[in-house]
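Encoded as structure tokens, the structure appears first; notes follow it.
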Amino acid sequence: MYPLTLESLAHYWSSQEIAANVIVFVNILGALLLGLLVGYERTYHGRAAGMRTYGLVAMASCALVVVVGYPGLWFGGNGPGALAGSVPPDPTRIIQGIVTGIGFLGAGIIMKDGMNISGLTTAASIWSSSAIGILVGIGFYAAAALLAALSVALMMWAARLEQWLPSHPALAIVLHFQPGYTPFENVLRRFASERGYEVTDGSLHIQLVGGRQIWSFVAIAQTKRKVVSASELAAALIRLEGVEAFDVSHTRN
């Protein structure tokens, strides 16, 4: 361990140290701006993770990577890279730790409520913002800017593309039947089929609570263009025999 003296402290303010700090600062600032750009799209659409989350992730990821490029200047020039014959730190290990840590952060954003899952896009975009910070940290500025632009474009317009392309949207439906009423599966399937939906095999879950049967299942549209909307389906469920209460929602958001 090196003694704490005025001379050793002066190394922290040498011209090389100051120049390296300026470079690190510029990289961190660039990563922050790109992270804010991606996060604004989430903020605009009212998601839980916004500009602050994305800015912090991109900025911190960049900082952890860029400092690995200056091992000789660590601890006032007494870092591991300053010793002759020493092996410089491996930046890939830092990147591996960042990616793993961001994975836990993304997992905390994904929420499951019954058959509905939300937060998948936000979690994936946070993981992408860490890659933006890493790219800035190692000096691939053009690639970082391109990844930020593609991330924003993907989150803004991919949903519209999904709506335009042929698909089979799905609804999560929960039916609460009146006490003592016994529903029949074939009647339920026919009801769904007449409105353009098909009850997914294996998704039907039946509960008995307080003398009432509760049926939950996923209904998939047979064809996107010949299916009633969720509101129209809800209006039909009001008139369905035996139904006391219901809940209709999209299986993803």
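Average projection, convex hull of the Cα set of segment 170-250: 4.8 square nanometres. Residue ranges 143-152, 237-246, 34-43 sort as 34-43, 143-152, 237-246 when ordered by packing (mean number of other C-beta atoms within 10 Å per residue, highest first). Shown in residue order for segment 210-215 are the 3J(HN,Hα) couplings computed by the Karplus curve 6.51 cos²θ - 1.76 cosθ + 1.60 at θ = phi - 60°: x, x, 10, 8, 10, 10 Hz (x for Gly and Pro). The chymotrypsin sites (Phe, Trp or Tyr not before Pro) of segment 161-214 that meet both conditions, a loop assignment by DSSP and at most 12 other Cβ atoms within 10 Å of the site Cβ, are F184. Mean separation of Cα pairs under 8 Å and 6 or more residues apart, divided by the residue count, gives segment 170-250 a relative contact order of 47 percent. Each label point was placed 7 Å from the Cα along the Cα-to-Cβ direction; for W127 and T92 their separation is 2.0 nm. Dipole size of segment 170-250 about its Cα centre, with +1 on Lys/Arg Cβ and -1 on Asp/Glu Cβ: approximately 240 debye, rounded to the nearest 20.
With 0.36 nm allotted per residue and the present C-alpha distance subtracted, the H250-L154 stretch has 32.5 nm of extension available.
Readers should treat all values here as calculations from the given coordinates under stated rules, not as data from a laboratory. These numbers come from a predicted model, not from an experiment. When we count neighbours, we look across all protein chains shown, and the Cβ atoms used for this are built from the backbone with ideal geometry, even at glycine.
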